[in-house]
Amino acid sequence: MTRLWYGGDYNPDQWDESVWKEDADLMRQAGVNLVTVGVFSWSSLEPSPGVYEFGWLDRVLDRLYDAGVSVDLATPTASPPPWFSRLHPEALPVTADGVRLTHGSRDTYCACAPGYRSAAVGIARALAERYHDHPALAMWHVHNEYGTTCYCSLAAERFRSWLLERYGSLERLNAAWTTAFWSQGYSDWQDVQPPRRTQYLVNPTQYLDYRRFWSDELLAAYREQKAELRALSSLPITTNYVFGGWVPVNHAQWAAEVDVVAIDHYPGRTDLGAEEQTAFGADLARSWAGGNPWLLMEQAAGALNDGQRLHPKEPGRMARNSLSHIARGSTGSLFFQWRASRGGAEMYHSALVPHAGPSSRIFREVVALGAALPSLAEVADAAVVADVAILWDVECWWAMQGTHLPSSSLDYLAAVQDAHRHFWRAGVTVDFAGPSADLSSYQTVVVPSLYLVSDEAAASLAAYVEGGGQLVVGYFSGIVDPDVQVRLGGYPGAFRELLGVRVEEFHPLPADGEVELSSGGRGRLWSEDVEAVSAEVVDRYVGGVLDGKPAITRRQVGEGTAWYVSTAIDFETAAGIYDLSPSPVETVRRRAGDTTWTFYFNHGDAQVDVPTDGVELISGARVDGSLLVPGGGYAVVRSP
């Protein structure tokens, strides 16, 4: 990398051609060097089956090339045109309630429908044939935000094939799904269905397997388009990951299939939680990329959205959020979208050029950020420094979503975010890692609510501790195996011997309930009746039926230490375990050879004096001993 990418989704087919020249001029002014083109352009590119209109796209790409703007050319397969849905009604998605949806939005397709897969490959092939050697082309972008699930008969047929490959026989499937419960035993493959809406609770293993199946099925659809592009082009090929509880995609597994991991990130908070979520999403993306550079493909320029209302980003916040992603490994900062739409379903989605036009605060900040990014290009290949890892396993998340749990407050994502937040507040950057990953390079590994865990992963974590690592296992961990079957003999199942504890009973707390700890800290959401079999008690419950019982334990294992934390702890209690202290600024370090780059983000109102030496890259100023970071400001210091 000799530069950082800057720009976003460009949808010129929404505008008269007279606007395109102004777009090119404004992109030059803003320092834009990469735009994603064609994500939602299927009806403009193929207005009727097999009839292509590429003239407008030819002119767009030529104009962008002349303006010095590179193109991330997308296949438009996330939004089939109306004619496709009319000709292929079997490809319209069916909900878990059995309702077939109609055309009228994006993502109205079933990826299991042969007609859809064929049409998607067809438009990808046509784009590859026409544009594979266009000089503006820098990258290919397959689809948009894979994640659509369908419960139709075509999906059911594909699901059965997937299950046969996974289990080999109905006997094995019946055992894995515990179908003896509620008389669910299958004697014919045709009786096996997706986990559609039913009278009461769905089978939890059936639910998890359907998530697994859809991840594999969508990946197969991605691979088909990728093959068409790769046959004619050696340029990088990617797709933009979307994160959410509704997404049936195992992004960590998909990472091997993309040339660069790319994510879309839209915080769901408007307070400081938005900055926490920004750091969380960026750290997760870096973990999917295996520590390699990745790309922020989409974010909102001017506003945050909490699901209820838009919150305008305060002056400087767009830049801080963008640079937070770059600090944590992104090779650029892209947005959805370049110019705010005049109409359509997302007409109020913020953009680099807002409805007010270039004479606006937002665009002035866009220009300022574009001017600052070239001075940071030297960090692009530097590694992010992290000595702590938090385990992340999407199958554990799915399993908890599909199981009737002892408390409705149990939330895997929230538990992982809580753990991440403790370190973020202390200015400590963390990696995420899979349960079976090589963890030997980390001083500390945190395991929040790892409900589902395999024998192999449990053994890997035990070996990490034996080798000298500090492992901190959170409540409701190690409970079930990959078939979502409870590990018998007492909780926390897979980790019982490693931790030296045994739990007979859970004691869920009310949603707003707390429990006092002997250290003075507080626990939330959850508590357990813990027996310290061979572990040292570090903290105890105070009051109630668990009065005096262990809350936090520690056990020496080989050269390392294994902790168990049986409740959701506050920051002060976590600080005692991890030796943390609150940081007045968000701090991230990147390193290459003997050089370190430190990013400082001040999300508060008052200026903060941070001790540091080196050169501040954006201003070019020499720093000797201390640096004043203004309220709402940021700085990047290169140090030997």
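The values are calculated or read from the model by the stated rules, or taken from the named source; none is laboratory data. This structure is a prediction, so every number in the text was calculated from the model and none was measured. Every residue, glycine among them, receives a Cβ derived from its backbone with ideal geometry; neighbour counts consider all protein chains shown.
Summary table below
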quantity: Single residue of region 460-497 satisfying the filter (closer than 22 Å to Leu405 by Cα and among the small types (Gly, Ala, Ser)) that is farthest from the chain's Cα centre (by Cα); calculated: Gly489
quantity: Scope region 35-46; condition surrounded by fewer than 24 Cβ atoms within 10 Å (Cβ to Cβ) and out of contact with any helix residue (DSSP H, G or I) (no Cβ under 8 Å at 6 or more places or on another chain); matching residues; calculated: Phe40
quantity: Spans of helices (runs of 4 or more DSSP H) in region 148-247 with at least 1 residues modelled with pLDDT of 95 or more, charged (D, E, K, R) and surrounded by 16 or more Cβ atoms within 10 Å (Cβ to Cβ); calculated: 153-167, 204-230
quantity: Options Gly558, Gly548: the member that is touching a residue at least 60 places away in the same chain (Cβ under 8 Å) and surrounded by fewer than 20 Cβ atoms within 10 Å (Cβ to Cβ); calculated: Gly558
quantity: Residue that is nearest to the chain's Cα centre (by Cα), among those in region 52-106 that are in a strand (DSSP E or B) and over 23 Å from Leu235 (Cα atoms); calculated: Val94
quantity: Positions within region 319-347 being assigned to a strand (DSSP E or B) and either touching a Leu at 6+ places or on another chain (Cβ under 7 Å) or in the same structural domain as Thr596 (by TED's automatic domain parsing) (or both), in sequence order; calculated: Ser330, Thr331, Gly332, Ser333, Leu334, Phe335
quantity: Pairs where the first residue, in region 457-485, is within 21 Å of Ala415 (Cα to Cα) and in the same structural domain as Trp397 (by TED's automatic domain parsing) and the second is surrounded by fewer than 19 Cβ atoms within 10 Å (Cβ to Cβ) and of a type in the set (A, V, I, L, M), C-beta under 7 Å, 6+ apart; calculated: Ile479/Val486; Val480/Val486
quantity: Single unsatisfied condition, Leu87 versus (1) in contact with a Leu (Cβ under 9 Å, 6 or more places away or on another chain); (2) farther than 24 Å from Ser322 by Cβ; (3) among the aliphatic types (A, V, I, L, M); calculated: (1)
quantity: Residues that are in a loop (DSSP other than H, G, I, E, B), of a type outside the set (Ser, Thr, Tyr) and surrounded by fewer than 23 Cβ atoms within 10 Å (Cβ to Cβ), drawn from region 492-520; calculated: Gly500, His507, Pro508, Leu509, Pro510, Ala511, Asp512, Gly513, Gly520
quantity: Any hit, region 598-605, residues being out of contact with any helix residue (DSSP H, G or I) (no Cβ under 9 Å at 6 or more places or on another chain), among the small types (Gly, Ala, Ser) and part of a loop (DSSP other than H, G, I, E, B); calculated: yes
quantity: Which numbered condition Arg166 fails, given (1) without any contact (Cβ under 8 Å) to a residue 24 or more places away in the chain; (2) in contact with a Lys or Arg (Cβ under 9 Å, 6 or more places away or on another chain); calculated: (1)
quantity: Any hit, region 573-582, residues being outside the structural domain of Val501 (by TED's automatic domain parsing), in contact with a Leu (Cβ under 9 Å, 6 or more places away or on another chain), surrounded by 14 or more Cβ atoms within 10 Å (Cβ to Cβ) and not polar (S, T, N, Q); calculated: yes
quantity: Residue that is farthest from the chain's Cα centre (by Cα), among those in region 123-146 that are of a type in the set (Gly, Ala, Ser) and surrounded by fewer than 19 Cβ atoms within 10 Å (Cβ to Cβ); calculated: Ala126
quantity: In region 117-134, residue nearest to Leu219 (Cα to Cα) [restricted to those that are part of a loop (DSSP other than H, G, I, E, B) and touching a Leu at 6+ places or on another chain (Cβ under 7 Å)]; calculated: His132
quantity: Within region 283-319, tally of residues that are buried (at least 21 other Cβ atoms within 10 Å of the Cβ), within 23 Å of Ala351 (Cβ to Cβ) and in contact (Cβ under 8 Å) with a residue 60 or more places away in the chain; calculated: 6
quantity: From the options Thr149, Thr178, Thr102, residue that is polar (S, T, N, Q) and within 18 Å of Pro248 (Cβ to Cβ); calculated: Thr149
quantity: Answer from Thr612, Thr598, Thr553 - the residue that is in contact (Cβ under 8 Å) with a residue 24 or more places away in the chain, within 28 Å of the chain's Cα centre (by Cα) and buried (at least 16 other Cβ atoms within 10 Å of the Cβ); calculated: Thr598
quantity: Test: Thr238 is hydroxyl-bearing (Ser, Thr, Tyr) and more than 15 Å from Leu163 (Cβ to Cβ); calculated: yes
quantity: Residue within region 108-116 that is assigned to a helix (DSSP H, G or I) and surrounded by 20 or more Cβ atoms within 10 Å (Cβ to Cβ) present; calculated: yes
quantity: Members of region 450-459 found to be over 21 Å from the mean Cα position of the chain (by Cα) and either surrounded by 19 or more Cβ atoms within 10 Å (Cβ to Cβ) or in a helix (DSSP H, G or I) (or both), listed by number; calculated: Asp455, Glu456, Ala457, Ala458, Ala459
quantity: Residue, surrounded by the most Cβ atoms within 10 Å (Cβ to Cβ), within region 2-32, restricted to residues that are out of contact with any Ser or Thr (no Cβ under 8 Å at 6 or more places or on another chain), in contact (Cβ under 8 Å) with a residue 12 or more places away in the chain and assigned to a loop (DSSP other than H, G, I, E, B); calculated: Val32
quantity: Filtered residues of region 410-424 (kept if farther than 20 Å from Asn203 by Cα and of a type outside the set (D, E, K, R)); calculated: Leu413, Ala414, Ala415, Val416, Gln417, Ala419, His420, His422, Phe423, Trp424
